[in-house]
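The values are calculated or read from the model by the stated rules, or taken from the named source; none is laboratory data. Predicted model, so just to flag it, every value in this text is computed and none were measured. Positions of Cβ are generated from backbone atoms using ideal geometry, with glycine treated the same way; all protein chains shown enter the neighbour counts.
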Amino acid sequence: MKKIALALLLITLASVGIAQACGDSIYDIQTTPALVGTLGVPCDVIVTATRYNGFFGQQVTTAVNPNGEYSGIWVYTGTDMGYVPGDIIAVCGEIKEYFDLTEIDVPAAGLYGYTLLTGSGAPLAPHIVDAATVAADGEPWESVQIMISDGMEVPVGFDLGFGEWNVIALDGTTLIFDDVWYDFLNVMEGQCYNNATGIYYFGYGAFKLLPYVDGIPIVDCAVGVEELTMGAVKAMYR
């Protein structure tokens with residue numbers, strides 16, 4: 001029994017040592033094509049959202065990406081790790097372009113692959129982005145938790161199939177939403193959204209927002225769109 005306990009302790013210490021040695025930034029992983037096929041080992045990845053086979057995570061903004069561009073990543077684990085938003089994770093996995101979605105594939109790294117819970121804190125507030133910005137260039141916002149600040153309406157013929165639908169922002173920008181978390185049965189023609197919060201994602205050849213279950217405030221279309229401030233958004237996540 002003592003030998004087993006000692007072995008588990010050594011494994012734990014080794015894992016912590018590996019985690020402390022990591023240092024890749026998500027920004028570098030997202031912006032350096034030459035890193036594809038190598039091991040990505042970012043520390044302090046804050047979980048923003050989870051799925052049955054992995055999680056989305058971000059690193060805090062830096063001088064290089066002060067507005068949050070290229071701060072998010074999809075981490076494929078093959079199973080639900082039980083993490084929750086706000087958990088801080090050290091990760092090691094192979095950097096891949098999975099159908100043009102940049103990801104860290106933990107199982108692909110074999111014996112080197114791991115995720116390690118190193119702490120926990122408050123969930124991150126989303127980055128506020130307008131519809132025109134993400135529609136013009138979605139790449140910087142891939143896998144980033146965002147709030148699209150524009151008012152939006154669900155148009156005629158909104159259903160794109162497979163749980164996806166179109167929305168049109170007040171400035172005329174068309175965006176795609178996907179029902180990974182949000183219930184598509186709640187979507188109806190003519191609905192107006194005050195804003196929308198979720199993960200911006202690339203899949204099946206297009207960028208789209210994956211709204212959270214409670215990420216879409218539906219409002220009366222006759223009501224004016226509420227102006228958002230960063231302070232108001234941060235207050236939601238305290």
* Qualifying positions in segment 137-166 - surrounded by fewer than 16 Cβ atoms within 10 Å (Cβ to Cβ) and among the aliphatic types (A, V, I, L, M) -> VAL156, LEU160
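Consider VAL106 carefully, then state whether it is under 25 Å from ALA206 (Cα atoms), modelled with pLDDT of 95 or more, touching a Gly at 6+ places or on another chain (Cβ under 6 Å) and not assigned by TED's automatic domain parsing to the domain that holds GLY40.
no
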* Asked: Residues in segment 117-129 that are crowded, with 17+ Cβ neighbours inside 10 Å and in contact with a strand residue (DSSP E or B) (Cβ under 7 Å, 6 or more places away or on another chain): how many?
  -> 5
* Restricting attention to segment 154-169, does a residue exist that is of a type in the set (Val, Ile, Thr) and under 17 Å from the mean Cα position of the chain (by Cα)? -> no
* Kindly establish whether ALA135 is in a helix (DSSP H, G or I) and of a type in the set (A, V, I, L, M). => yes
* Asked: Does any residue of segment 80-93 turn out to be within 21 Å of GLU142 (Cβ to Cβ), buried (at least 20 other Cβ atoms within 10 Å of the Cβ), under 14 Å from the mean Cα position of the chain (by Cα) and without any contact (Cβ under 8 Å) to a residue 40 or more places away in the chain?
  -> yes
* Residue satisfying all of: in segment 102-115; surrounded by fewer than 17 Cβ atoms within 10 Å (Cβ to Cβ) and not hydroxyl-bearing (Ser, Thr, Tyr); nearest to ALA196 (Cα to Cα) among these -> PRO107
* Structure fact -> By residue number, the members of segment 42-60 that are hydroxyl-bearing (Ser, Thr, Tyr) and touching a residue at least 60 places away in the same chain (Cβ under 8 Å) are THR48
* To do: Specify the residue that is surrounded by the fewest Cβ atoms within 10 Å (Cβ to Cβ); the eligible residues are those in segment 167-211 that are hydroxyl-bearing (Ser, Thr, Tyr) and either at pLDDT 95 or above or touching a strand residue (DSSP E or B) at 6+ places or on another chain (Cβ under 6 Å) (or both).
  => THR174
* Asked: Among the listed residues ALA49, ALA14, ALA19, which satisfies the condition of being at pLDDT 95 or above and not assigned by TED's automatic domain parsing to the domain that holds PRO140?
  -> ALA49
